[in-house]
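What follows draws every value from the coordinates through simple rules; no lab data is involved. Remember, it's a predicted structure, so these values are computed and weren't measured experimentally. For neighbour counting, all protein chains shown are included, and Cβ atoms are generated from backbone atoms with ideal geometry for every residue, glycine included.
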Amino acid sequence: MDRTKIDDIYRDRVILDHCRNPRNISPIEHCDLLGDAVNPFCGDEVHFQIGLSDEVIENVRFTGDGCAINMASGSLLSEAVKGLTTEEASELSIKFVESMRKSIDQDVDQQFIGELSALISVRHFPVRIKCALLAWSALEDALSTKA
Amino acid sequence: MFDVEKIRLDFPILAKEIFGNPLVYLDNAATSQKPRQVIDALVDYYENFNANVHRGVHTLSMEATDKYEDAREKVSSFINSESSDSVIWTRNASESLNLVAYSWGENNINEGDEILLTPMEHHSNLVPWQELARRKNADIKFIPMLENGTLDMDRVDDLITEKTALVSAVHMSNALGTINPVRELGVKAHRMGAKILVDGAQSVPHMPTDVQELNCDFLVFSGHKMLGPTGIGALYVKKEILESMEPFLTGGEMVLEVSYEEASWADLPMKFEAGTPNIADSIGLGSAVDYLNVLGMENVREHEKDLTTYALNRFKNADLEGLDLFGPDDPNIRGGVFSFNTPDVHPHDLGTFLDRIGIAVRTGHHCAMPLVRSLGVAATARASFYLYNTKKEVDILVDGVTEALRYFRDGPN
């Protein structure tokens, strides 16, 4: 089998690594924002607890269940938003979702997303894009909900 | 003689490659592929016979009507219906079920009545009854399921009572492959004065069906799962019941006489077929039935039983640690449907992985959410076979799953 094809999606082992060893899963001391997202069609779910210091995201706890892309996306996101203000996190979310919705032949500015770029390759598999976006719905839910 | 390699040549799509690999199409419970003969029948209709049916005196309309009614005869014989008046065209099994829920259910299900289902129903044989029960204040009950994915038939006598108005059961489960003893359910239902509906969406394409032998009151099935086009399905209803039923949809084609004030209904079967019907696809389904008859449904069933036996063995003996294969392990009561789950790979990741090596399987809840949940999982991967599948394809599947497990467990090499 041509490994490169399947590696398009699970490339650099980033997705598999984050799926197997999700980051930021420990309980956090205090929580200001709570966010959840569930895809009833596949049963995947993502939950975030966010602790703020002033308006800066100081602590994140990610919990979830589902496929590798969903779990990796939640884990990568939890890393990416740490240290951002809630406003910056919102902007990142908008930019990321926009990038994911771009067709595969359109260039994506990968500068701003760092390790998140591993998720950008999920665009090769249109039916799996929603797996990568579930965590971002949970983030948006958290940013709009005070605990 | 059943020559699968020769059969495969009739299906143009089976020559397709997916990411450079030969297509291994194992999503037949969702829809089947179509042989050249069915595709040609559609083209032939549009090129040579296209006209509306049952209305023109012109030659084309008469030819179209003959072909259309001929297709109904074919489908009627295929299920051994006593009369083609008992066969109503619908879009699919779902529409057939809704037709029964409205046209029969509205007048025959009353407050306090019970509808008995199995836990392995497709949403299409669940939701219309939930809605009917809600409208009528009726109750829905379920025959319990055993660990091996078969019905607990010992409980059926207690569950069918004088309150039971309808027993509606899937003949072959689209998620587990279980073949249910629907004839026996019918005997028990009739003994208590209840009707029996058989959901044949997965069984009619895969085994001989004889509505007189089954003695079912209703049978529903879809054309697209049995080599026919999408958008055409059928409903069989015992004639004396059908005669007592009110129309489902009203309008053109289903009327005898219309004034500005009222209308009277056309004879069977047209009373249940409002509007210009799906002429082309009915003819296409007739052609699919011809194709299946040439092969012989006994032979189709034998071939698939053979594949099922082989696949059960391959799954059992493969290096697939922790793999859960759902459904009965006796090929005599199981169709070629394999739902499975692995602790290390989510079904969607597995589906994507298999797709990349050319294997088409379904992942998810298979439109049987309550059943899949009762298995303790959110989703499964499902491989489902048909008459053109081979043992070699079973090998490709089992090897592919083994490789996927290794990939997700150990990482890319």
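Structural remarks
- Loop-located chymotrypsin sites (Phe, Trp or Tyr not before Pro) in the range B:135-236, at most 16 other Cβ atoms within 10 Å (DSSP): none
- Folded to 0 to 90 degrees: helix B:297-317 orientation relative to chain B principal axis, Cα: 30 degrees
- Most mobile listed residue (A:Phe125, A:Phe62, A:Phe41) in chain A, GNM with C-alpha springs under 10 Å: A:Phe41
- Per-residue ellipticity at 222 nm computed for chain A from its helices equals -12000 deg cm²/dmol, with DSSP H segments shorter than 4 residues left out and the rest contributing -39,500 (n - 2.57).
- Taking the Cα centre of chain B as reference, the dipole from Cβ charges on Lys and Arg (+1) and Asp and Glu (-1) amounts to some 780 debye.
- Exposure proxy ranking for B:Trp265, B:Trp89, based on other Cβ atoms within 10 angstrom of each Cβ and starting from the fewest, stands as B:Trp265, B:Trp89.
- Length added when fully stretched, B:Glu261-B:Asn80, from 0.36 nm per residue minus Cα-Cα: 61.2 nm
- Label-to-label distance for B:Val43 and B:Leu146 is 5.0 nm, based on points extended 7 Å past Cα in the beta-carbon direction.
- Axis of helix B:279-295 versus longest Cα principal axis of chain B: the two differ by about 60°, to the nearest ten degrees.
- Positive dipole terminus of the range B:335-413, leading residue within B:Phe353, B:Val372, B:Val401 (C-beta point charges): B:Val372
- Per residue of peptide B:376-383, the mean number of Cβ atoms on other chains within 10 Å of the residue Cβ is 2.
- Nearest 10 degrees, 0 to 90: helix A:68-81 Cα axis against chain A principal axis: 50 degrees
- Pairwise centroid distance, computed over Cα atoms, of the range B:304-325 with the range B:108-130, Å: 33 Å
- For the residues of B:339-351, the average number of beta carbons from a partner chain within 10 Å of their own beta carbon is 4.
- Along chain B, the longest continuous region that contains none of the GluC sites (Glu not before Pro) in a DSSP loop with at most 12 other C-beta atoms within 10 Å is B:163-260.
- For the pair A:Phe41 and B:Val57, label points projected 7 Å from Cα toward Cβ lie 5.3 nm apart.
- The amide H of A:Ile57, built 1.01 Å from its N in the peptide plane, has A:Gly83, A:Leu84, A:Thr85, A:Thr86 as neighbours under 5 Å, considering only residues 5 or more places off or on other chains.
- Using Cβ point charges alone (K and R +1, D and E -1), the dipole size of chain A about the Cα centre works out to roughly 600 debye.
- Shape call, the protein assembly as shown: gyration tensor on alpha carbons, a/c limit 1.5: prolate
- Pair B:Glu321, B:Arg406: separation of 7 Å Cα→Cβ label points (nm): 1.4 nm
- Residue pairs, from the table B:Lys74/B:Lys188; B:Lys34/B:Lys195; B:Lys195/B:Lys271; B:Lys67/B:Lys391; B:Lys238/B:Lys305, whose Cα atoms sit over 32 Å apart: B:Lys34/B:Lys195; B:Lys67/B:Lys391
- From least to most packed, judged by other beta carbons within 10 angstrom and beginning with the fewest, A:Leu133, A:Leu52, B:Leu60, B:Leu185 follow the order B:Leu60, A:Leu52, A:Leu133, B:Leu185.
- When B:Arg334, B:Arg406, A:Arg61 are sorted by how many other C-beta atoms sit within 10 angstrom of their C-beta, beginning with the fewest, the order is B:Arg406, A:Arg61, B:Arg334.
- Cβ-placed point charges (K, R +1; D, E -1), dipole of the protein assembly as shown about Cα centre in debye, nearest 20: 800 debye
- If R0 is taken as 45 Å, the Cβ-Cβ distance between B:Arg36 and B:Val127 corresponds to a FRET efficiency of 0.80.
- Close amide H partners of B:Val167, meaning residues 5 or more places away or on another chain with modelled amide H under 5 Å apart, are B:Leu116, B:Lys195, B:Ile196, B:Leu197.
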